[in-house]
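Participant: Pasting in a structure now, in structure tokens, and then I'll have a few things to ask.
The values are calculated or read from the model by the stated rules, or taken from the named source; none is laboratory data. This one's a predicted model, so the numbers in the text were calculated from it and none came from an experiment. Every residue, glycine among them, receives a Cβ derived from its backbone with ideal geometry; neighbour counts consider all protein chains shown. To get the accessible areas, we keep the full protein, side chains included, count just its heavy atoms, and leave off ligands, DNA and RNA. Shrake-Rupley method; radii C 1.70, N 1.55, O 1.52, S 1.80 Å.
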Amino acid sequence: MCHQTVGLTARHLEANGIPTVILGSARDILDEIAVPRFAFTDLPLGNPVGPADDPAQQRDILTSTLRFAEAAPLPQSSVVLPVVWSGTPDWRETYMSLDDPEALRAAGDARRASQQARKQ
Amino acid sequence: MTKAHRTFVSYIDKSRDFYAAQGYDAPYRWATASTAPFTPLSKPLSERRVGVITTSSLSSDSALEPYVAPSLPAPDAMATDHLSWHKGATHTNDVGSFLPLDHLNALADDGVIGSLAPRFAGIPTVYSQRRTTKWAEHIRAWFAEDDVDLALLVPL
């Protein structure tokens, strides 16, 4: 939901005269919204600027993002930035995993019960 | 090299399947558009004032309203537990990895950008697209006060 939030915000700012660039890691959500300028880092959600505890890479990614923003010729311009990820290699599979359907169903039931209790 | 599936994660697909598995039958309707507004950058980066927008919060108690806060000194911690990010694969103890105020300040010192705006902004993440756009207007007004002429948006 973070990416939709900034996508809508970028569109509002841009329509009112403030240029924008988004640096994020969920490209499908931003592709659907259609945003002015988007630099993509293919990293686990949480560290769009670069892997945690790697300030040199973060600064390189940030500089590339700003240079891209300066050069982007048209709306919906995007760039895939090179990243070096040295953490767990299966991060794409483990996010929102469906491996334990019974636990997921139980979590959903608990959440609905909690929401229902708050309404009463 | 070849493969039978795309490399990049589709978060729209993942979250739909995840919440369906939790028993939510009606999938969320994501915002969509076919064209984007565009304001060209009319002056070079080295003369621009950059304002940052984050989806993180100053504290877990203040996660429900948009806010502005001084860019410097950069906060040494931000509240992120309420947001959806990959808590099993990484962490958010390194603020520079998602709120790059110190990095931007260094880039200003090096002349890459003109300056870092005196305040950064935060916007809560909610399902309501109407509320989000209403809050975006608060941020537009704050950034106009600060003469921001490039907004950098950094979602977790």
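Participant: Quick check: is even one residue across the range A:15-27 among the basic types (K, R), open to solvent by less than 10 Å² (accessible area, probe 1.4 Å) and in contact with a strand residue (DSSP E or B) (Cβ under 6 Å, 6 or more places away or on another chain)?
Facilitator: no
Participant: Here is a follow-up. Can you find, within the range A:84-98, the residue that is farthest from A:Q58 (Cα to Cα) among those that are part of a loop (DSSP other than H, G, I, E, B) and at the interface with another protein chain (Cβ under 7 Å from one of its Cβ atoms)?
Facilitator: Within the range A:84-98, the first condition is being part of a loop (DSSP other than H, G, I, E, B), and the residues that meet it are A:84-90, A:95-98.
Then keep just the ones that are at the interface with another protein chain (Cβ under 7 Å from one of its Cβ atoms); that gives A:87-88, A:95-96, A:98.
Details: A:G87: 15, A:T88: 19, A:Y95: 22, A:M96: 26, A:L98: 31 Å.
By that ranking, first place goes to A:L98.
Participant: Out of the range A:29-44, which residues are crowded, with 21+ Cβ neighbours inside 10 Å and among the hydrophobic types (A, V, I, L, M, F, W, C)? Write out each step before concluding.
Facilitator: Within the range A:29-44, the first condition is being crowded, with 21+ Cβ neighbours inside 10 Å, and the residues that meet it are A:29-30, A:33, A:35-41, A:43-44.
Passing the criteria: A:I29, A:L30, A:I33, A:V35, A:F38, A:A39, A:F40, A:L43.
Participant: Which residues, counting only those in the range A:55-73, are more than 7 Å from every other protein chain (Cβ to nearest Cβ) and either open to solvent by less than 50 Å² (accessible area, probe 1.4 Å) or among the polar types (S, T, N, Q) (or both)?
Facilitator: Across the range A:55-73, the qualifying residues are A:Q57, A:I61, A:S64, A:T65, A:F68, A:A72.
Participant: Then there is this: Restricting attention to the range B:49-80, and to residues there that are part of a loop (DSSP other than H, G, I, E, B) and free of Cβ contacts under 8 Å to residues at least 40 places away in the same chain, which single residue is most open to solvent (accessible area, probe 1.4 Å)?
Facilitator: Narrowing the range B:49-80 to residues part of a loop (DSSP other than H, G, I, E, B): B:55-56, B:58-59, B:63-66, B:71-78, B:80.
Filter again for free of Cβ contacts under 8 Å to residues at least 40 places away in the same chain, leaving B:59, B:73-78.
Working: B:S59: 45, B:P73: 116, B:A74: 27, B:P75: 32, B:D76: 136, B:A77: 62, B:M78: 22 Å².
Checking each candidate, the answer is B:D76.
Participant: Going through the range B:81-95 one residue at a time, which ones are more than 8 Å from every other protein chain (Cβ to nearest Cβ) and surrounded by fewer than 19 Cβ atoms within 10 Å (Cβ to Cβ)?
Facilitator: Within the range B:81-95, the first condition is being more than 8 Å from every other protein chain (Cβ to nearest Cβ), and the residues that meet it are B:81-82, B:95.
Once the filter is applied, which keeps residues that are more than 8 Å from every other protein chain (Cβ to nearest Cβ) and surrounded by fewer than 19 Cβ atoms within 10 Å (Cβ to Cβ), the range B:81-95 yields B:D81, B:H82.
Participant: In the list A:Q116, A:Q76, which residue meets the criterion of being among the polar types (S, T, N, Q) and exposed (fewer than 14 other Cβ atoms within 10 Å of the Cβ)? Step through it out loud before you land on a result.
Facilitator: Details: A:Q76 fails: exposed (fewer than 14 other Cβ atoms within 10 Å of the Cβ).
Only one candidate qualifies: A:Q116.
Participant: Pairs only if they're at least six apart or on different chains, beta carbon under 8 angstrom, first in the range B:123-140 and facing chain A (nearest Cβ under 8 Å) and among the basic types (K, R), second surrounded by 16 or more Cβ atoms within 10 Å (Cβ to Cβ) and assigned to a helix (DSSP H, G or I); list them, first residue then second.
Facilitator: B:R140/A:H12; B:R140/A:L13
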